[in-house]
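Undergrad: First the structure, which I've put down as structure tokens, then a few questions once you've had a look.
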Amino acid sequence: MFVYVGTYAKPDTEGIFGYRLNEETGELTQVLRVKAGPNPSYLAITSDRKYLYAVNEVTEHEGQKSGAVSAFAIDPTTGNLTFLNRQPSLGGAPCYISLDEKNQMALVANYVGGNVTALPLQEDGKLKSATDMDQHVGKGPKPQQEAAHAHCILPAPGNQFVVAVDLGIDQIISYKLNASAGGTLERQPQPAFQAKAGAGPRHLTFHPNKRFAYVMNELDGTISALRFQQDKGSFTEIETVSAIPKGYTGQVSGADIHVSPDGRFAYASNRGHNSIGVFKIEEESGKLTLVQHMSTHGDWPRNFTLTPSGKLMVVANQRSNNITTYHVNRQTGHLTYTGKSIELSSPVYLQVVKNFTPTSK
């Protein structure tokens, strides 16, 4: 396995790192570090592993109130990155990037800008300038919801719709995707889902069966299990459960959520409590049952990821500047700390590349 890591980094320092990952032991060995502009926090990689895209999470780019998106070519033998080009994201602090299922468009959520943008990809991997931008409007009841704050955007199964999660307005917004004709996002007239006021939905992930989705709500530390209506690009609520233990009175700040490759378990990172919550997914209903809370052996777990086999989890602890790994019991969902921890300044995002084995040391 190979892991790319996005971080908060100064413009003139290395910000994207690459590690070899031993899936049996959980050991991470750094093999590359690349300058990628300021704060290359969130990453996306094409399905053929030829190109990598990173948001530059800043609020000003080339004199404009905007962040940026950077494109890189991936060396097929070393995993090293070669800078291709950079485009404005048309909104401040881009914090999430994904690619449509056909690798034709980059989809970006701008947190401070409160909007989402679409940037077509050229055949040579370079980014074209944004062809569409949609501004979210509104606010929620909590101080962090003084305005719209787009926090996640990704294609829905089938590539017909794109869904954007907005923490500031407690909504999931759906768009008809037109990737082939210039790259446009046609906003649907009604929200795809209205979360509980003050929940602060942050990240969404789809279940492998394409019928369910799970949303991590940052501000109240809950997970919403949703049923996805693929023909409409909308969601209905199945249930909402707490991602943190009963009786916990410390800071609550939900971060990331993922479903195991076999669809049997959901995992959620809890900042403040500094844990990964493990939940069993009921096959027919999509409902969640708590299995475990595992310490992340660090502070402020941001993003985490599972290897494609589901055997290992890797966690980025932003404030304690370390990355930790865990064995996953694929029968019970339980996590066991491997004892492996490496130091890295402000790790934010992790992506495991399947079957990528660089030859360089």
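Undergrad: Can you pull out every residue in the range 120-149 that is in contact with a Pro (Cβ under 9 Å, 6 or more places away or on another chain), of a type in the set (A, V, I, L, M, F, W, C) and under 22 Å from residue 233 (Cβ atoms)?
TA: 130
Undergrad: Counting only residues that are in a loop (DSSP other than H, G, I, E, B) and within 22 Å of residue 138 (Cα to Cα), how many does the range 165-222 have?
TA: 19
Undergrad: Being in contact with a strand residue (DSSP E or B) (Cβ under 7 Å, 6 or more places away or on another chain) and surrounded by 22 or more Cβ atoms within 10 Å (Cβ to Cβ) is true for just one of 288, 306. Which residue is that?
TA: 288
Undergrad: Which residues, counting only those in the range 38-80, are assigned to a loop (DSSP other than H, G, I, E, B) and surrounded by 22 or more Cβ atoms within 10 Å (Cβ to Cβ)?
TA: If the condition is that a residue be assigned to a loop (DSSP other than H, G, I, E, B) and surrounded by 22 or more Cβ atoms within 10 Å (Cβ to Cβ), then 39, 57, 66, 67, 79 are the ones that fit.
Undergrad: Another question about this same structure. Being of a type outside the set (Ser, Thr, Tyr), more than 26 Å from residue 5 (Cα to Cα), in a loop (DSSP other than H, G, I, E, B) and touching a residue at least 12 places away in the same chain (Cβ under 8 Å) narrows it down to one of 250, 310, so name that one.
TA: After ruling out the rest, the residue left standing is 250.
Undergrad: Is at least one residue of the range 322-332 surrounded by fewer than 18 Cβ atoms within 10 Å (Cβ to Cβ), touching a residue at least 40 places away in the same chain (Cβ under 8 Å) and of a type in the set (Phe, Trp, Tyr)?
TA: No; the residues of the range 322-332 include none that is surrounded by fewer than 18 Cβ atoms within 10 Å (Cβ to Cβ), touching a residue at least 40 places away in the same chain (Cβ under 8 Å) and of a type in the set (Phe, Trp, Tyr).
Undergrad: Okay, moving on. So which of 222, 240 is at pLDDT 95 or above, out of contact with any Asp or Glu (no Cβ under 7 Å at 6 or more places or on another chain) and more than 25 Å from residue 323 (Cα to Cα)?
TA: So the residue among 222, 240 that is at pLDDT 95 or above, out of contact with any Asp or Glu (no Cβ under 7 Å at 6 or more places or on another chain) and more than 25 Å from residue 323 (Cα to Cα) is 240.
Undergrad: For residue 29, work out the one condition from (1) in a strand (DSSP E or B); (2) among the polar types (S, T, N, Q); (3) within 28 Å of residue 100 (Cβ to Cβ); (4) without any contact (Cβ under 8 Å) to a residue 60 or more places away in the chain it doesn't fulfil.
TA: Answer for residue 29: the failing condition is (3).
Undergrad: What pairs can you find where one residue is in the range 74-93 and without any contact (Cβ under 8 Å) to a residue 40 or more places away in the chain and hydrophobic (A, V, I, L, M, F, W, C), the other is surrounded by 22 or more Cβ atoms within 10 Å (Cβ to Cβ) and not in a loop (DSSP other than H, G, I, E, B), and their Cβ atoms are less than 7 Å apart, with a gap of 6+ or different chains?
TA: Listed by first residue and then by second, the contacts come to 74/51; 74/52; 74/81; 93/110.
Undergrad: From the list 339, 333, exactly one residue is modelled with pLDDT of 95 or more, within 21 Å of residue 25 (Cβ to Cβ), in a loop (DSSP other than H, G, I, E, B) and more than 18 Å from the chain's Cα centre (by Cα). Which is it?
TA: 333
Undergrad: Take the conditions buried (at least 23 other Cβ atoms within 10 Å of the Cβ) and not small (Gly, Ala, Ser) and apply them to residue 32. Does it pass?
TA: In short, no.
The values are calculated or read from the model by the stated rules, or taken from the named source; none is laboratory data. These figures come from a predicted structure and were not determined experimentally. Please note: Cβ atoms are built from the backbone with ideal geometry, for glycine as well, and neighbour counts cover all protein chains shown.
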